[in-house]
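Colleague: One structure is given below, represented as structure tokens, and several questions about it will come after.
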Number of protein chains: 2
Amino acid sequence: MHRDGAARRGEFGTPHGIVQTPAFMPVGTRGAVKAVTQRDLEDMGAEIILGNTYHLYLRPGDELIARCGGLHAFIGWDRPILTDSGGYQVFSLASLRRIREEGAEFRSHLDGSLHMLTPERAVDIQMRLGSDIAMVLDECATAAPSDSWSDAGGSVRRSPGSDPKSVAAGAMERSARWAKRGRERQLQLRHDPRSAPEVNITNPGQAQFGIIQGGTYPDQRTESVQRTIDIGFEAYAIGGLSVGEPVEVMYDVVAHTAPLLPDDRPRYLMGTGLPDDLIECVARGVDMFDCVLPTRNARNGQLITSRGPIVIKNARYAEDMAPPDPDCACYTCRHFSRAYLRYLFLAGEMTAATLNSLHNLHFYLDTMRRIREAIVFGSFEKLRREFHQTFSRRPQI
Amino acid sequence: MHRDGAARRGEFGTPHGIVQTPAFMPVGTRGAVKAVTQRDLEDMGAEIILGNTYHLYLRPGDELIARCGGLHAFIGWDRPILTDSGGYQVFSLASLRRIREEGAEFRSHLDGSLHMLTPERAVDIQMRLGSDIAMVLDECATAAPSDSWSDAGGSVRRSPGSDPKSVAAGAMERSARWAKRGRERQLQLRHDPRSAPEVNITNPGQAQFGIIQGGTYPDQRTESVQRTIDIGFEAYAIGGLSVGEPVEVMYDVVAHTAPLLPDDRPRYLMGTGLPDDLIECVARGVDMFDCVLPTRNARNGQLITSRGPIVIKNARYAEDMAPPDPDCACYTCRHFSRAYLRYLFLAGEMTAATLNSLHNLHFYLDTMRRIREAIVFGSFEKLRREFHQTFSRRPQI
């Protein structure tokens, strides 16, 4: 492993190949990265993608996917896949959910049907999906308070009568208890698959990552790390961030937490973020990222460039024959103008989403390549400074 | 040129390269073939695409496209482009239209604004777009009767008090008069561009095709051919078919009309059709086709295969891990299953439209390749018989 300050340049192996880190994982929520094909992802150099367990469990169903040979076979992607536990979507998407010690009861956002997600079931579902990396079920600090039904629309950060810190502590402690149950189930299926014939295991070499919770409280984060490492996973993720806290707070929590994690395992920061977040968190010791922003922003007509975001529908681009980012080598920038992309977006052509997504994903993946190279050459701090001089979070007018 | 019966294997040159015939042109209505990229089209071997003048004139506008260097530069496609005259969409899409000798007055389907499309304007617009092949403005036999406002919704085939044959004759005769005016304008711009400084000519080598009308009446078709050839165009198209007449009638009109056209020029059958229509009309002497079916059907979940159409949403495909067409070499069939495509379609993922479109377009383009090869090897009739034995128009249940 190469190092440059706290930044790390490594790799990890999976049953479907090796992933170079620091790595960005495009999000293929429902078994497809929106608006691009698997071929596009391979061309862009994506080495691993993320699938959402909640969505795939509800439709087409983990058992159907297992009968089809697992998620890799089903979606036609033979590189690594990481699946989340489904918990985050239960908290954010399901129409009603009730969190109890046993697990999370919820209604499907598709048809209102009632489901129960327990730590054990989250393992079983992901074993059927056959991802290369499974995440343990955790409770997000932003979740509804225990034993109370609540609408999904309002994210309950401060429920009446409980202060935020004790809500975070409760979620962290429950996450630790759930992590223990999830790990036990994973090891059972791994070592004695015949004890659970109802689980069609499609990828026996699946790894399982634990998740650190604890909100924005360093003492809770420290305790969460200790309890999760005591259980013992193949690697660890930092959860419960990028949920609305100020970005500097997020950076501080990462700076506190990452160094506490085992040095020889990849560290995954869940759900972050903007390009400068990637660089700042690599600088704090993170190795893996996922985020919907590059693809979601693309569909909304926002292109992320080395000079900052471009809002493509803006009238100033109507006859602008320059590529979105003159410094970018992606397919979109090599062949198409801002004028054409603006027109496609305003006309509502699907191709707009595709070309914008190709660009934004390339930008993210290329940023990671530059980061990896800079760490090897000991020039990461130089890259970090340059990036902040040229990249602006503010959209161009 | 190779021949096999009435079928012809040729090629024609344009300012953006040579096109092998018989050729199928994917339809890029608004300057983009829906759900696929220009790279995808190149990979599939599309040698020429079609753009719709009506749509591009209304948005983003032919003058804007001319300022951006023409349609090729604007959409990032450097192979040949054919543009229609805009007339067909005026008749089928515009919210109100009034056909007079001068031209077609209509309201934009986008914003209700009033526009006038004359034979001369159709030339000017396409000269600004800079397509390689421009079509002359014609009046479709299905159009509204002269000097009457009518809703676009109802296609007026038989207006009260006028029999269909005289309606067709009127449209044919007007088309011939419009063709003369359109040709004169084209030659003026070609030979004396300074006489029309308002027309920014972006492709001086543009060819212009005349269009044969005359409905389903052989005598009218014969007259239309004579009058249009007398005017003299680079090549000729058969218009006014695939507008609801029985397919055998369409074949008969093509069989009557194609041999009357100059032997040394490509013959273009506008807006047709299903794969067996392509083979049947090549057998009758047609060289060029365009049709929205492969892309439109793809978006609606219908895949066209060598064994007939597949309705991908059908429950029988839920766990069917076979490719859509086991005999197909397209990207979709090489990498994805019916089960995955069904799931993507039902989940509403954009990727469904892309993968289905890639398959259907490949099927059309590959059918044309097989036709061209068979003509060269004198086995076209064998291919035609085999195709009809294996290909069925009826969707699979």
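The values are calculated or read from the model by the stated rules, or taken from the named source; none is laboratory data. Computed from a predicted model, the values in this text were never measured in an experiment. Heads up, the Cβs are rebuilt from the backbone with ideal geometry, glycines too, and the neighbour counts pull from every protein chain shown. When the accessible area is computed, the model is the full protein with side chains, heavy atoms only, and any ligands, DNA or RNA have been set aside. Shrake-Rupley method; radii C 1.70, N 1.55, O 1.52, S 1.80 Å.
Colleague: Find the relative contact order for chain B and round it to a whole percent, using C-alpha pairs within less than 8 Å whose residues are 6+ positions apart.
Modeller: Result for chain B is 17 percent.
Colleague: Mind checking the full-extension length gain between B:R307 and B:R369? Use 0.36 nm per residue of separation minus the Cα-Cα distance, one decimal, nm.
Modeller: Value of the extension gain: 20.5 nm.
Colleague: Follow-up. Which of B:P326, B:P275, B:P119 moves the most in a Gaussian network model of chain B with Cα springs under 10 Å?
Modeller: In the Gaussian network model the winner is B:P326.
Colleague: Determine the sum of side-chain charges near B:D320: Lys and Arg each +1, Asp and Glu each -1, restricted to other residues whose C-beta is under 13 angstrom from that of B:D320.
Modeller: +3
Colleague: Right, here's the next one. Just how large is the dipole of chain B about the Cα centre, in debye to the nearest 20, putting +1 at every Lys and Arg Cβ and -1 at every Asp and Glu Cβ?
Modeller: 540 debye
Colleague: Lys/Arg Cβ at +1, Asp/Glu Cβ at -1, dipole of the protein assembly as shown taken about the Cα centre: which of B:L64, B:N297, B:H115 is farthest positive-ward?
Modeller: Among B:L64, B:N297, B:H115, the one farthest towards the positive end of the dipole of the protein assembly as shown is B:H115.
Colleague: Taking 2.2 N^0.38 Å as the expected size of a compact globular protein, what ratio does the Cα radius of gyration of the range B:48-133 give against it, to two decimals?
Modeller: Scaled against compact globular proteins, the figure is 1.06.
Colleague: On to the next question. Starting from the exponent 0.38 and prefactor 2.2 Å, build the expected Rg for the protein assembly as shown from its residue count and divide its actual Cα Rg by it.
Modeller: For the protein assembly as shown, the normalised Cα radius of gyration comes out at 1.09.
Colleague: Starting from the Cα gyration tensor of the range B:215-306, multiply each eigenvalue by 5, take the square root, and state the resulting semi-axes largest first in whole Å.
Modeller: 26, 14, 11
Colleague: Suppose every K and R has +1 on its Cβ and every D and E has -1 on its Cβ; what is the size of the dipole of the range A:239-334 about the Cα centre, in Debye to the nearest 20?
Modeller: In total the dipole reaches around 420 debye.
Colleague: Could you tell me the total accessible area buried at the A-B interface, probe 1.4 Å, in square angstrom to the nearest hundred?
Modeller: Rounded to the nearest hundred, the buried surface is 3600 Å².
Colleague: Looking only at A:S113, A:S224, A:S166, which one moves most when chain A is put into a Gaussian network model with springs between Cα atoms under 10 Å?
Modeller: A:S113
Colleague: List the aspartates and glutamates whose alpha-carbon lies under 13 Å from that of A:K382, not counting same-chain residues fewer than 8 positions away?
Modeller: Correct list for A:K382: A:D4, A:E280, A:E373.
Colleague: Go ahead and set up a Gaussian network model of chain A, Cα springs under 10 Å, then flag whichever of A:D263, A:D84, A:D290 fluctuates most.
Modeller: A:D263
Colleague: A follow-up question, please. What residues in the range A:68-86 lose 10 Å² or more of accessible surface when the other protein chains are added to their chain alone (1.4 Å probe)?
Modeller: So the qualifying set is A:C68, A:A73, A:F74, A:I75, A:G76.
Colleague: Also, quick follow-up: List the residues of the range A:11-44 for which accessible area in the full set of protein chains is at least 50 Å² lower than for the chain on its own; 1.4 Å probe, protein heavy atoms only.
Modeller: Buried on complex formation: A:R30, A:T37, A:R39.
Colleague: Using R₀ = 35 Å, calculate the FRET efficiency as 1/(1 + (r/R₀)^6) where r is the Cβ-Cβ separation of A:E63 and A:D264; round to 0.05.
Modeller: Computed FRET efficiency for A:E63 and A:D264 comes out at 0.45.
Colleague: Keeping the other protein chains in place, figure out the carbon and sulfur percent of the accessible area of chain B, with a 1.4 Å probe.
Modeller: Summing carbon and sulfur atoms, their accessible area is 50 percent of the total for chain B.
Colleague: Taking 0.36 nm per intervening residue step and subtracting the Cα-Cα distance, what contour gain separates B:A329 from B:R39 on full extension?
Modeller: Answer, rounded to one decimal: 102.7 nm.
Colleague: Still on this structure, I have one more. For A:T305, enumerate residues with amide H under 5 Å from its amide H, sequence gap 5+ or separate chain, H modeled in the peptide plane.
Modeller: So A:T305 has HN proximity to A:I310.
Colleague: Separate question: Rolling a 1.4 Å sphere over the protein heavy atoms, what is the accessible area per residue of the range A:347-397, to the nearest Å²?
Modeller: Spelled out: the 1.4 Å probe surface of the range A:347-397, per residue, equals 45 Å².
Colleague: Fully extended, how many nm does the chain gain between B:S166 and B:M321 (0.36 nm per residue separation, minus their Cα-Cα distance)?
Modeller: Fully extending the segment from B:S166 to B:M321 adds 50.3 nm.
Colleague: Further question: Report the far tail of the P(r) of the range B:308-384, meaning the percent of Cα-Cα pairs longer than 20 Å.
Modeller: 37 percent
Colleague: Semi-axes, largest first, in whole Å: what does sqrt of 5 times each Cα gyration tensor eigenvalue give for chain B?
Modeller: 33, 24, 22
Colleague: Further question on the same structure: Which FRET efficiency value, to the nearest 0.05, do you get for B:Q389 and A:V249 by plugging their Cβ-Cβ distance into 1/(1 + (r/R0)^6) with R0 = 56 Å?
Modeller: 0.20
Colleague: Mind listing, in residue-number order, the residues in the range B:337-374 that have at least 40 Å² less accessible area with every protein chain present than in their own chain alone (1.4 Å probe)?
Modeller: B:Y340, B:Y343, B:A347, B:E349, B:M350, B:T351
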